[in-house]
Amino acid sequence: MSNADILDVSDSAYDDRTLYEGVRTRRVLAFFIDYALVLLLCIPVAMVIFVAGVLTFGLGFMLYSVLFVLVAVPYVGFTLGGGNQATPGMRMMGIRLERLDGRGIDFLFAVVHSVLFWAFNAILTPLILLATLILDRKQTVHDRLLGTVVVRRGA
């Protein structure tokens, strides 16, 4: 079986358009919910970093520069890479991430998916998200590269 066979999903169940109804809006709302949750989780981690900074005579305070990453990477890895294949925000919005080859999302794949999202937005500006208007299955560029799609749960 070649790579072309694996990625050829033209006749698969993912062609059902009902899977993608309202996904773009739900995905944006899920992003804001997850961003708020990560920021809330940064508060206790910031307190731990403060204690570490005091105990290390100021050296631990350098962790504040990567505070968001320290919280966001495990958050995305354990939630998106978990059994639900969705972050809490995605679950609230009734969507989930799926791989087109049928395999599950694991911790590392979830982190790579998230890092690519942030990298493309930093390099190419958030206008890159307009790709969802023209790509099949309302995919973003990083979805297309990784062979993933966001679908409605239970559709």
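Going residue by residue through segment 104-119, is there one that turns out to be touching an Asp or Glu at 6+ places or on another chain (Cβ under 7 Å) and in a loop (DSSP other than H, G, I, E, B)? Among the residues of segment 104-119, not one is touching an Asp or Glu at 6+ places or on another chain (Cβ under 7 Å) and in a loop (DSSP other than H, G, I, E, B), which makes the answer no. Screening Leu59 with (1) over 23 Å from Ile128 (Cβ atoms); (2) modelled with pLDDT under 95; (3) more than 18 Å from the chain's Cα centre (by Cα) gives one miss only, at (2). Please list, ordered by first then second residue, the pairs with beta carbon atoms under 8 Å, 6 or more apart or interchain, first in segment 45-63 and more than 20 Å from Pro74 (Cβ to Cβ), second among the small types (Gly, Ala, Ser) and surrounded by 11 or more Cβ atoms within 10 Å (Cβ to Cβ). The qualifying pairs are Gly53/Gly60; Val54/Gly60; Leu59/Gly53; Phe61/Gly53.
Taking into account only those residues within segment 120-144 that are part of a helix (DSSP H, G or I) and within 14 Å of the chain's Cα centre (by Cα), which is farthest from Asp34 (Cα to Cα)? Checked segment 120-144; the qualifying residue farthest from Asp34 (Cα to Cα) is Arg144.
Residues in segment 78-135 that are β-branched (Val, Ile, Thr), on the phi < 0 side of the Ramachandran plot and at pLDDT below 95: Ile123, Ile128, Thr132, Ile134. Entry remark, segment 52-81: residues being within 17 Å of Ala119 (Cα to Cα) and assigned to a loop (DSSP other than H, G, I, E, B) number 0 in total.
Could you list, in sequence order, the residues of segment 107-120 that are farther than 15 Å from Gly77 by Cα and surrounded by fewer than 16 Cβ atoms within 10 Å (Cβ to Cβ)? Once the filter is applied, which keeps residues that are farther than 15 Å from Gly77 by Cα and surrounded by fewer than 16 Cβ atoms within 10 Å (Cβ to Cβ), segment 107-120 yields only Ala119. Checked against (1) in contact with a strand residue (DSSP E or B) (Cβ under 7 Å, 6 or more places away or on another chain); (2) loosely packed, with under 13 Cβ neighbours inside 10 Å; (3) of a type in the set (A, V, I, L, M), Leu97 meets all criteria but (2).
In segment 135-155, the residues that are surrounded by 20 or more Cβ atoms within 10 Å (Cβ to Cβ) form Cβ pairs under 7 Å with partners that are polar (S, T, N, Q) and part of a helix (DSSP H, G or I), at six or more places apart or across chains, as follows: Lys138/Thr132; Gln139/Thr132; Thr140/Thr132.
The values are calculated or read from the model by the stated rules, or taken from the named source; none is laboratory data. The model shown is predicted, which means the values in this text are computed figures rather than measured ones. Quick reminder, even Gly has a Cβ in these numbers, built from the backbone with ideal geometry, and neighbours come from all protein chains shown.
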